[in-house]
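What follows draws every value from the coordinates through simple rules; no lab data is involved. Predicted model, so just to flag it, every value in this text is computed and none were measured. Cβ placement follows ideal geometry from the backbone for every residue including glycine, while neighbour counts extend to all protein chains displayed.
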Amino acid sequence: MSHVMNTYGRLAVAFERGEGVWLWDTQGKRYLDALAGVAVNAVGHSHPKLVAALRDQVGKLIHTSNIYQITAQEKLADRIAAASGMDSVFFCNSGAEANEAAIKLARYYGHKKGVETPAVVVLEKSFHGRTMATLSATGSRKVQAGFEPLVTGFVRVPFNDLEAVQRVAASNRNVVAVLAELVQGEGGVSVCGDGYLKGLREICDANGWLLMLDEVQTGIGRTGRMFAFQHYGVMPDVVTLAKGLGGGVPVGACIARGEAATLFKPGSHGSTFGGNLLACTAALTTLEIIDSEDLCRNAAEVGQHIQTSLKRALAETPGVRDIRGKGMMIGVELDRPCGDLVKTALEAGLLINVTAENVIRLVPPLVMSRAEADQLVGQLAPMIRSFLLKAAPAAA
Ligand SMILES: *Cc1c(COP(=O)(O)O)cnc(C)c1O
């Protein structure tokens with residue numbers, strides 16, 4: 001029996017090495033990686049610049065402490081501020097921790113305004129993490145079941161429904177912030193409407209709420225811009241990051257602007273590992289590579305190409321309900337549960353993922369080329385067609 005706690009349904013494969021969008025398992029079999037460690041390996045596997053920077057840093061120092069000055073952390077914060085237009089950054093180690101920081105920030109902000117039981121508006125089908133506060137914020141009973149009592153102070157509304165947020169504003173004086181994903185990743189790759197963020201900004205301004213965006217999955221070039229909010233010409237007050245930020249090394253961030261940027265004082269929040277030398281070197285180098293290789297543009301163009309090619313290949317395929325996404329965050333919704341496709345694809349040397357039971361999720365490394373994208377679609381489209389012929393349609 002394995003001594004690893006049984007918290008994951010794992011596939012029977014282990015990888016040994018990688019290069020760009022390719023992975024090799026311990027038997028030497030090659031796979032095209034359209035999952036990137038769930039939107040983590042932004043610059044692909046074993047990027048030579050990232051490998052060199054990490055090797056160099058490990059040879060000098062891995063960790064000191066936030067008790068001391070950390071130059072790489074200062075530089076990384078400067079770089080994130082410049083790329084986002086935000087003011088200050090708190091560093092942590094994961095997406096859940098980044099959202100914990102945001103939720104704490106919102107509560108702190110509320111208390112400062114004299115709200116004794118501050119609440120945060122969250123969305124249905126959202127995913128914010130597995131810690132107690134973030135699973136309470138998450139809009140999925142599956143994530144919460146068995147872990148009650150949940151953390152209170154969240155008010156839930158449907159995704160993409162501004163009127164529902166308005167109704168909360170009119171009736172609930174405890175609300176101090178909204179926490180939203182602009183493309184819901186775990187929720188099935190659902191993209192918010194064009195006017196949604198602007199509408200949220202207006203409601204937040206009218207009520208003195210913080211507009212907080214969970215960009216743990218959408219951030220760092222994933223949607224074809226460095227941050228998903230940059231598609232909409234609207235500035236948020238708080239943004240959370242993690243997945244792609246360190247190119248595979250665990251690093252998360254909660255970034256803030258304006259009043260929210262200066263609320264925390266020494267002692268308000270902290271993390272032992274957060275923003276250490278290894279993590280900051282990984283993130284700085286990842287961001288440098290994204291800029292120097294123009295990977296946001298690549299994600300936009302190749303991502304669009306994948307979507308268009310899939311639409312063409314699967315046009316008039318009964319059972320394909322929708323193909324959607326932004327940049328290199330793409331979902332193919334089928335009319336039935338399709339978790340079995342993950343194994344079929346694995347056997348064929350293709351790494352994909354299924355979320356929300358019936359949505360195939362593609363979040364490849366941002367370095368994927370057009371030719372590699374063609375290979376992906378060339379393999380995936382026939383696989384979907386034959387799955388739909390074999391698998392029984394949903395009863396519904
Ligand atoms: C993955 C994810 C998280 C949780 O990140 P962890 O690093 O697993 O804690 C939070 N929010 C979103 C939108 C995510 O995709």
Query raised in the report: Using alpha-carbon positions, what is the distance between the centroids of the range 146-161 and the range 1-75, in Å?
Result: 33
Query raised in the report: Given the C-alpha centroids of the range 250-294 and the range 332-358, what is the distance between them in whole angstrom?
Result: 34
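Please state the relative contact order of the chain as a whole percent: Cα pairs under 8 Å, 6+ residues apart? Don't skip to the answer; put the middle values down first.
Values: 800 pairs, mean separation 87.1, N = 396.
Relative contact order of the chain: 22 percent.
Rounded to the nearest 5, what % of the DSSP beta bridges within the range 202-265 are antiparallel ones?
Working: 4 of 8 bridges.
Percentage antiparallel, nearest 5: 50.
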Report summary line: Relative contact order of the range 233-286 (C-alpha contacts under 8 Å, at least 6 apart) in percent is 40
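When the helix-only estimate is applied to the chain (DSSP H runs of n ≥ 4, each -39,500 (n - 2.57), divided by the residue count), what is the mean residue ellipticity at 222 nm, nearest 500 deg cm²/dmol? Walk me through the numbers on the way to the answer.
Working: 12 runs with 144 residues, N = 396.
Per the formula, -11500 deg cm²/dmol.
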Report task. Starting with the fewest neighbours, write out 368, 328, 235 ranked by other beta-carbon atoms found within 10 Å of each beta-carbon. Result -> 235, 368, 328
Query raised in the report: So how much slack lies between residue 19 and residue 235, counting 0.36 nm per residue of separation and subtracting their Cα-Cα distance, in nm?
Result: 74.2 nm
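Give a quick list of trypsin sites (Lys or Arg not before Pro) in the range 61-156 that DSSP marks as loop, anything other than H, G, I, E or B, with at most 14 other Cβ atoms within 10 Å.
Numbers: sites: 75, 79, 104, 107, 112, 113, 125, 130, 141, 142, 156; in loops: 113, 125, 130.
Answer by residue number: 113, 130.
To the nearest 0.05, how large is the calculated FRET efficiency for residue 60 and residue 148 if R₀ is 51 Å and r is the Cβ-Cβ distance? Mind showing how you got there, number by number?
Working: r = 47 Å, r/R0 = 0.92.
Taking R0 as 51 Å, the efficiency between residue 60 and residue 148 is 0.65.
Under 14 Å from the Cβ of residue 82, count the other residues' Cβ atoms, weight Lys and Arg +1, Asp and Glu -1, and hand me the total. Display every interim value, and only then the final one.
On the way: positive: 75, 79, 257; negative: 74, 78, 87, 288, 291.
Neighbour charge sum, excluding residue 82 itself: -2.
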**Report entry** Label point distance in nm, residue 386-residue 262, each placed 7 Å from Cα along Cα→Cβ
**Finding:** 6.3
Query raised in the report: Zone of residue 311 (label point 7 Å along Cα→Cβ, backbone N under 17 Å): which residues in the range 175-203?
Result: 190-194
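Longest span of the chain, sites excluded, free of chymotrypsin sites (Phe, Trp or Tyr not before Pro) in DSSP loop with at most 12 other C-beta atoms within 10 Å? Show your work: numbers first, answer last.
Values: sites that count: 8, 68, 147.
The segment 148-396 is the longest one with no such site.
Nearest 0.05, what FRET efficiency do residue 343 and residue 49 give at R0 = 51 Å with Cβ-Cβ as r? All intermediate terms of the calculation are to be shown ahead of the outcome.
Numbers: r = 34 Å, r/R0 = 0.67.
That pair, residue 343 with residue 49, gives E of 0.90.
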Report task. Just check the chain against the gyration tensor rule for me: Cα atoms, a ≥ b ≥ c as the square roots of the eigenvalues, rounded for a/c under 1.5, and otherwise prolate or oblate depending on whether a/b exceeds b/c. Result -> oblate
